[in-house]
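Enquirer: Got a structure for you, questions after.
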Amino acid sequence: MTNEILSGLFGVLIGGFIGHRLALGRDIRKEYNATVLPVRLSLMKAIEAMECNCAWSGFSQNDIDAVKNILNNTNRSRLDGLLSKYRGADNNAHKPDGIGGQEIIEHNIKPVVEAAKNIRKFLKPK
């Protein structure tokens with residue numbers, strides 16, 4: 001009789017612990033997705049614009065800071081590396097047009113598209 005009560009109590013405690021861990025994981029996943037999805041959407045729009053040789057706007061630094069805030073150190077450094085590749089390729093894809101604007105260099109767009117796709121792949125929803 002005592003064995004059955006102890007095993008039942010043990011099962012309830014383990015079940016409660018597992019349920020609590022799963023609920024915490026769900027909340028963390030929802031927060032991650034809510035932060036990452038807008039950045040991912042702006043990247044997808046920028047990639048579409050790049051592929052048709054149109055002017056594009058990437059993502060804001062505020063978006064990137066929000067994403068960095070929820071990443072661990074390893075993923076944060078990976079994202080920094082991807083962003084530096086993107087920024088370098090983006091700088092090579094533009095030249096001044098002489099009146100204060102920027103002109104797109106068409107043959108330098110492919111590296112920017114690849115860098116943006118790598119960032120989009122890295123920021124996949126969970």
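Laboratory data are not the source of any read-out in this text; all were calculated from the coordinates shown. Since we're looking at a predicted model, the values are computed, not measured. Every residue, glycine among them, receives a Cβ derived from its backbone with ideal geometry; neighbour counts consider all protein chains shown.
Enquirer: Can you give the relative contact order of the range 1-112 as a percent, counting alpha carbon pairs under 8 Å and 6+ residues apart?
Expert: Once normalised by length, the contact order is 18 percent.
Enquirer: Over 20 Å, how big is the tail of the calculated P(r) for the range 2-122, in percent of all Cα pairs?
Expert: The calculated P(r) of the range 2-122 puts 56 percent of pairs beyond 20 Å.
Enquirer: Using the 10 angstrom Cβ neighbour count as an exposure proxy, how do PHE122, PHE10 rank, fewest first?
Expert: Placing the least packed residue first, the sequence is PHE10, PHE122.
Enquirer: Please turn the phi angles of the range 108-121 into ³J(HN,Hα) values with the Karplus equation 6.51 cos²θ - 1.76 cosθ + 1.60 (θ = phi - 60°), one per residue in order, whole Hz, x for glycine and proline.
Expert: 3J(HN,Hα) across the range 108-121, in whole Hz: 9, 7, 4, x, 5, 4, 4, 5, 5, 5, 5, 5, 4, 5.
Enquirer: Something else: Would you work out the relative contact order for the range 64-126, in percent, from Cα pairs under 8 angstrom that are 6 or more residues apart? Show your work: numbers first, answer last.
Expert: On the way: 40 pairs, mean separation 19.1, N = 63.
Across the range 64-126, relative contact order equals 30 percent.
Enquirer: With springs only between Cα atoms under 10 Å apart, run a GNM on the chain and tell me which of VAL112, VAL12, VAL67 wobbles the most.
Expert: Answer for the Gaussian network model of the chain: VAL12.
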